[in-house]
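Taken together, the values in this text are just the output of simple stated rules run on the coordinates, not laboratory data. Small disclaimer: the values here were computed from a predicted structure and weren't measured. Glycine gets a Cβ as well: all are built from the backbone with ideal geometry, and neighbour counts include every protein chain shown.
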């Protein structure tokens, strides 16, 4: 008896598309590397892709600009096509689907009814709460109600981008619509926050792949972000870090430092305080990220970044210990410390010379 599209595993679907076993294993290895897994974990990824049925996904859109979807479809490892067509069953997404209107809402409700506790809810954008949430209405119902209704039976809830994760520009002061991020509206469930404006495409596909592979949520930090992608500051892997450590900074956009690729911290770069994978994974199949194109990081993965401008001006509240130390200053400090050390050594030598043991008592006395 042939399997229904719902019960097909990723490997089943790939085989139907003519993918051989060798290519499938390479596919699993690439995914494991993207997730930062050890080589010993590859067999688990292979087993999951072979045996587990594809997960139904409902992808909602609230107040947002669709930049997260734009990023998602540019994933290279794995490509978005493999995610959407082979690894998951994307049953509802009003940006990608052909249907519209009330027909689409019936699809969403059908998935919720037939697969309770089995589908992933992916949310792009946030919900207005002022005046009953009327400022974002879907199929005659407020997005606030649609979000809460769909979240009730979801296996996992993923908040794509800064809009869904922490409010973003819609929640910027004075926030006229009362926009709130997903985790402030769904308080009885764990929400996976994937911030960024937009997030890196491979981060988005990586989160879905992890849930499919291990049937569990990835390890999250205190802000609900996957540690595998948000465990390091952009500054830690930035190729301009050496200039930062040497005290070599761009002082204006057209100076020699800018031409030579020096550190952009003094031009407003938030890399030293922003946690994201931009400097290690980069964008567009690893081609680059904002800092590599000469623009400082604006900290778009950080909570409240939209109210922390201007973005091209260094702010006094972006604190980095020791940032003001230049090589000359460091050299002067080391010279002083070395002098103190030498002086202390000489005093110690003199003290040892002017003391001796008395033959009678064995006690030390000064000369």
Problem - In Å, descending, principal axis extents of the Cα set of the range 234-307 - result: 31, 31, 21
Fill in the blank from the handout: Final fewest-first order of 173, 109, 180 on the 10 Å Cβ neighbour count is 173, 109, 180
Practice task
Report the relative contact order of the range 144-273, percent, no decimals, based on alpha-carbon pairs under 8 angstrom and at least 6 residues apart.
Solution key: 17 percent
Fill in the blank from the handout: Reduced to Cα centres, the span from the range 241-317 to the range 94-128 in Å works out to 38 Å
Problem - Convex hull of Cα atoms in the range 10-146, direction-averaged projection (nm²) - result: 9.8 nm²
Fill in the blank from the handout: Computed over the Cα atoms of the range 122-218, the Rg and Dmax in Å are 13.6, 42
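Based on the alpha-carbon gyration tensor of the range 58-208 and its eigenvalue square roots a ≥ b ≥ c, which shape applies: rounded if a/c is under 1.5, prolate if not and a/b is larger than b/c, or oblate? Can you show the working numbers first?
Details: a/c = 1.57, a/b = 1.17, b/c = 1.35.
Oblate is the answer for the range 58-208, as a/c is 1.5 or above yet b/c matches or exceeds a/b.
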Completion exercise
the range 207-234 and the range 51-73 have their Cα centres apart by a whole-number Å value of 16 Å
Exercise for the section: For each of 59, 253, count neighbouring Cβ atoms within 10 Å of the residue's Cβ, then give the residues from fewest to most. Expected result: 253, 59
Problem - Sorted by Cβ density within 10 Å, fewest first, the residues 163, 28 - result: 28, 163
Problem - Share, in percent, of DSSP beta bridges within the range 126-232 that are antiparallel, nearest 5 - result: 55 percent
Exercise for the section: Rank by packing, highest mean first: peptides 147-153, 200-206, 60-66, with packing defined as the count of other Cβ atoms within 10 Å averaged across residues. Expected result: 200-206, 60-66, 147-153
